[in-house]
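First the structure, in the form of structure tokens, and then the observations on it.
The values are calculated or read from the model by the stated rules, or taken from the named source; none is laboratory data. This is a predicted model, so every value here is computed, not measured. Here the Cβ positions follow ideal geometry from the backbone for every residue, glycine too, while neighbour counts run over all protein chains shown.
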Amino acid sequence: MNIPAHNIRGFTLIEVLVSVAIFSVVMTIALGALLAMSESDRKAQTLKSVINNLNFSLDSLSRAARIGTNYHCDASVGTFSTPRDCAVTPASSFAFQAGDSSTTYFCLGNSSTCSTTGTAILRSIAGGALVPITSGEVRISSLNFYVTGSSSADALQPKVTILVSGTVVVSGTQTSQFNLQTSVTQRVYDQ
């Protein structure tokens with residue numbers, strides 16, 4: 001088979017077709033890479049937003065506890081106004097008296113009910129309804145509070161250590177696991 005060798009500005013038709021084919025393959029690969037980078041950027045932005053929400057939730061809990069008094073670990077035992085330690089065995093709930101003498105309460109739970117198998121950090125202020133302080137994309141699997149020095153007679157400054165574990169849902173089925181720990185010491189000197 002003879003293909004006529006037409007000249008297009010010094011190139012043969014076959015050279016032009018091969019060049020266009022190579023250009024098409026390179027552009028298809030480049031476009032695919034651009035779309036993949038765009039999708040990765042979108043997922044990274046979503047992950048950043050969700051982690052910022054988790055960070056804000058823990059910061060809110062820490063700031064409130066720092067200015068509180070009468071730390072009470074495990075709200076199912078005793079009354080909130082009585083300080084209670086749990087230095088060895090952690091509790092999934094924590095309460096303290098806020099600066100305005102109201103009780104602030106945190107626990108692990110689902111929507112508005114505390115439980116040990118919940119997926120959100122819940123907060124109640126002054127006996128109000130339990131409200132989630134973490135977004136729906138954050139799924140808490142474990143929330144533990146360790147409280148030491150809650151009694152003014154023990155000569156220890158009250159401190160709560162908070163451990164949080166869970167997963168962050170980035171997009172549909174993609175998840176990222178996290179384990180966080182923070183400690184908060186009561187600001188008011190325990191005398």
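Failed condition for Gly118, given (1) closer than 19 Å to Gln177 by Cα; (2) surrounded by fewer than 17 Cβ atoms within 10 Å (Cβ to Cβ), with all others met?
Just one mismatch for Gly118, condition (2).
Among the residues of region 139-155, how many are β-branched (Val, Ile, Thr), within 30 Å of Gln174 (Cα to Cα) and touching a Phe, Trp or Tyr at 6+ places or on another chain (Cβ under 7 Å)?
So the answer is 0.
Only one residue in Ser135, Ser150, Ser165, Ser141 is small (Gly, Ala, Ser) and under 15 Å from Thr182 (Cβ atoms), so which one is that?
Checking each option against the conditions leaves just Ser165.
Just checking, how many residues over region 165-174 are over 14 Å from Ser135 (Cβ atoms) and β-branched (Val, Ile, Thr)?
Matching residues across region 165-174 total 1.
Among the numbered criteria (1) in contact with a Ser or Thr (Cβ under 6 Å, 6 or more places away or on another chain); (2) modelled with pLDDT under 90, which single criterion is violated by Ser112?
It is condition (1) that Ser112 fails.
If you check Ala153 against the conditions, is it surrounded by fewer than 19 Cβ atoms within 10 Å (Cβ to Cβ) and either assigned to a helix (DSSP H, G or I) or not hydroxyl-bearing (Ser, Thr, Tyr) (or both)?
yes
Condition (residue is within 24 Å of the chain's Cα centre (by Cα) and either surrounded by fewer than 13 Cβ atoms within 10 Å (Cβ to Cβ) or more than 21 Å from Asp59 (Cβ to Cβ) (or both)) applied to region 92-103: is it met by at least one residue?
no
Return yes when Gly68 is modelled with pLDDT under 90, under 20 Å from the mean Cα position of the chain (by Cα) and surrounded by 16 or more Cβ atoms within 10 Å (Cβ to Cβ) and no when it is not.
Working: modelled with pLDDT under 90: yes; under 20 Å from the mean Cα position of the chain (by Cα): no; surrounded by 16 or more Cβ atoms within 10 Å (Cβ to Cβ): yes.
No.
If Phe106 satisfies every condition in (1) among the aromatic types (Phe, Trp, Tyr); (2) assigned to a loop (DSSP other than H, G, I, E, B); (3) under 30 Å from Gln174 (Cβ atoms) but one, which is the exception?
Here Phe106 meets the rest and fails (2).
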